[in-house]
1. Please determine, by comparing only the residues of the stretch B:40-80 that are in a helix (DSSP H, G or I) and out of contact with any strand residue (DSSP E or B) (no Cβ under 6 Å at 6 or more places or on another chain), which one is nearest to B:TYR226 (Cα to Cα).
2. Being farther than 20 Å from B:VAL29 by Cα and of a type in the set (Gly, Ala, Ser) is the filter; apply it to the stretch B:63-81 and report the residue that is surrounded by the most Cβ atoms within 10 Å (Cβ to Cβ).
3. Pull up the stretch A:74-112, narrow it to residues that are touching a strand residue (DSSP E or B) at 6+ places or on another chain (Cβ under 8 Å), outside any loop (DSSP other than H, G, I, E, B) and touching a residue at least 60 places away in the same chain (Cβ under 8 Å), then point me to the one that is farthest from A:SER129 (Cα to Cα).
4. Please go through the stretch A:2-26 and give me each residue that is out of contact with any Leu (no Cβ under 6 Å at 6 or more places or on another chain) and of a type outside the set (A, V, I, L, M), ordered by number.
5. Can you tell me which residue in the stretch B:243-263 is surrounded by the most Cβ atoms within 10 Å (Cβ to Cβ), limited to those that are more than 7 Å from chain A (Cβ to nearest Cβ) and of a type in the set (Val, Ile, Thr)?
6. Looking only at the stretch A:207-246, which residues are at the interface with chain B (Cβ under 7 Å from one of its Cβ atoms) and in a loop (DSSP other than H, G, I, E, B)?
7. Got a sec? Which of B:VAL240, B:VAL268 is in a loop (DSSP other than H, G, I, E, B) and either free of Cβ contacts under 8 Å to residues at least 40 places away in the same chain or away from chain A (no Cβ under 14 Å) (or both)?
8. Of the conditions (1) crowded, with 18+ Cβ neighbours inside 10 Å; (2) part of a helix (DSSP H, G or I); (3) more than 25 Å from the chain's Cα centre (by Cα), B:GLN109 satisfies every one except a single condition; which number is it?
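What follows is calculated from the coordinates using simple rules that are stated; it is not laboratory data. Only a predicted model underlies this, so the values are computations on that prediction, with no experimental measurement involved. Here the Cβ positions follow ideal geometry from the backbone for every residue, glycine too, while neighbour counts run over all protein chains shown.
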Amino acid sequence: MSDAAALAVEGVSHAYAGREVLRDVGFTLEAGRTLAVVGESGAGKSTLSRLVAGLELPTSGRVRVAGVAPTVRYGAVSPVQMVFQHPTEALNRFLSVGASVAEGLRRLPRRERAAYVAALLEQVGIDPSRARERPKTFSGGQLQRIVTARALAAEPKLLLCDEPTSALDVSVQAQIVNLLLALQERNGFACLLVTHDLGVARVLADDVLVLRDGEMVELAPADDFFAGPSTPYAQELLRTTAEQMLVRERA
Amino acid sequence: MNGPCEGRDVTVGTVGGGVQLVEGVDLAVEAGAMLGIVGETGAGKTVTMRALLGLLPPGVRAHGELRVNGDVVSLARVGELRRLLGSETSVVLQNPVGMLDPMVRVGDQLVEGVVRKGVLRPADARARAVSLLGQMGFRAVEHVLTLYPFQLSGGMAQRVTIAMGMMPGPRLLVVDEPTSALDANVRLEVLRLFKRLAQEEGTAVILVSHDLGLVSHFCDTIAVMYAGRVVEHGPTRELVARPAHPYTVALLDASATLTARRRVPLRVLPGAPPRPGHWPAGCVFAPRCPHAQERCVAERPLPTADGSRGWACHFPRIEQA
């Protein structure tokens, strides 16, 4: 079992009310690596992440996280942890941030949790003395760090990041991007990054998967993809992105 | 009368002078041109725009001037600003679906504002709506007029709201964080159509965004805001190629671009901007500035004002002309 890939998606198709939104998608993702999933709205990115998180079962094909089908059970801590676009909505606003982070630490005896929470907050750059505060006293960037700490608490095999930086300011985006890089280096989780921000994908991803209308258009090492995708659709996607992205001609 | 639209010495604070939110902001946009305002959350971008439009929330008051189409209006006179809003000035809000009334057909919504304001008669308003939707790339315009907002895709809704903002033929149009939720290709299309339309009509546009990439491609000039003031402004090309203010440099450096390298950390600006009411005495950026010196902490830099470019920094990153 230990040699199973962190994530294996095998021939997965998925339909809602008979309408197929994913068709025969397959790839594997090894520990310590990041795969960016890109594509327009309706491409199937969200459906793919729901299947990978175990929120739904695919109509056909199978998903395995470290060799096991992902499931969501109340009270259990999943090996797939998530970081979403809007950190304010991801945290329980009635719980202290420390208590939220501690939810991933149920495997530990209660008395050991506080020290772990402090260490995790420290790791993501939040002052551990603020663990008792509620989410409303933190900025968006800080909350995203806290959400990341909560995800790490579960020692996930797979971190699922759905537009983790799109709601943040440019300077804060850079902080979160760097944080994800450093944490992956240290903790070795695999990361599935769903994003429409190809700049963020450029920095974080080892490989890029392009989806269109539920089908895989291209799966390539990131360096090859950004040097020039092989399919016309991906080329067009990259071109329209480049036309809206900062270009610096250094004087 | 197509001179530049200007905000002069825009200063915003809570009533009673408790907390200052924006201080001494000068902005100018030529007719048909686009000015991009960039800066982090809390820098005062939206507050500045609301001050110009007369849309500040209760308890907040502005000083300074709005100059539009030959009129000079004090920002303290909210009634005057409101009279201009919907005729000389206009606005497109952040969330296109939120800006539209879900219970009213697109055609009726487009026409309603200008008719009520007395800018156009109903028949003329309807003709203008048809023409604007056409210019925003709709083909079956008559059909679109009969739709309800829920029947529109995100891209369509955004094009409708832009048409709505343009209905009165404003001299100044403020667009707040447009198209952020749209796919790259849809966004590109919407902004291209919008830019052409604004040029044709000679509308001065202020585009508020935290997306430097977007602003750098569509705006003629850029103003960078930090802690309630403009720290640097200038023509887009020059400002991006040769930023003078260390904050502008930091913003540009922090942007993830397609030429970034895989797994190489981005350059980040440590710390967070000061909150309103906690602005430092000297340069507001000094506490985070990698080049700050004694003078920066002691003395607030005044904005330079030579021609089209300017910055507020004692030690700019480029040689002064």
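1. So in the stretch B:40-80, the residues in a helix (DSSP H, G or I) come out as B:45-53, B:78-80.
Now narrow it down to the ones that are out of contact with any strand residue (DSSP E or B) (no Cβ under 6 Å at 6 or more places or on another chain): B:46, B:50, B:78-79.
Working: B:THR46: 12, B:ARG50: 17, B:VAL78: 25, B:GLY79: 29 Å.
Checked the stretch B:40-80; the qualifying residue nearest to B:TYR226 (Cα to Cα) is B:THR46.
2. First, pick out the residues of the stretch B:63-81 that are farther than 20 Å from B:VAL29 by Cα: B:76-80.
Right, trim to of a type in the set (Gly, Ala, Ser) and you get B:76, B:79.
Working: B:ALA76: 13, B:GLY79: 8.
Filtering the stretch B:63-81 for residues that are farther than 20 Å from B:VAL29 by Cα and of a type in the set (Gly, Ala, Ser), the one surrounded by the most Cβ atoms within 10 Å (Cβ to Cβ) comes out as B:ALA76.
3. Among those that are touching a strand residue (DSSP E or B) at 6+ places or on another chain (Cβ under 8 Å), outside any loop (DSSP other than H, G, I, E, B) and touching a residue at least 60 places away in the same chain (Cβ under 8 Å), it is A:VAL80.
4. Listed by number, the residues that qualify are A:SER2, A:ASP3, A:GLU10, A:GLY11, A:TYR16, A:GLY18, A:ARG19, A:GLU20, A:ARG23, A:ASP24, A:GLY26.
5. Only one residue tops the list, namely B:THR248.
6. If the condition is that a residue be at the interface with chain B (Cβ under 7 Å from one of its Cβ atoms) and in a loop (DSSP other than H, G, I, E, B), then A:GLU243, A:GLN244, A:MET245, A:LEU246 are the ones that fit.
7. Matching residue, one of B:VAL240, B:VAL268: B:VAL268.
8. That leaves (3) as the condition not met.
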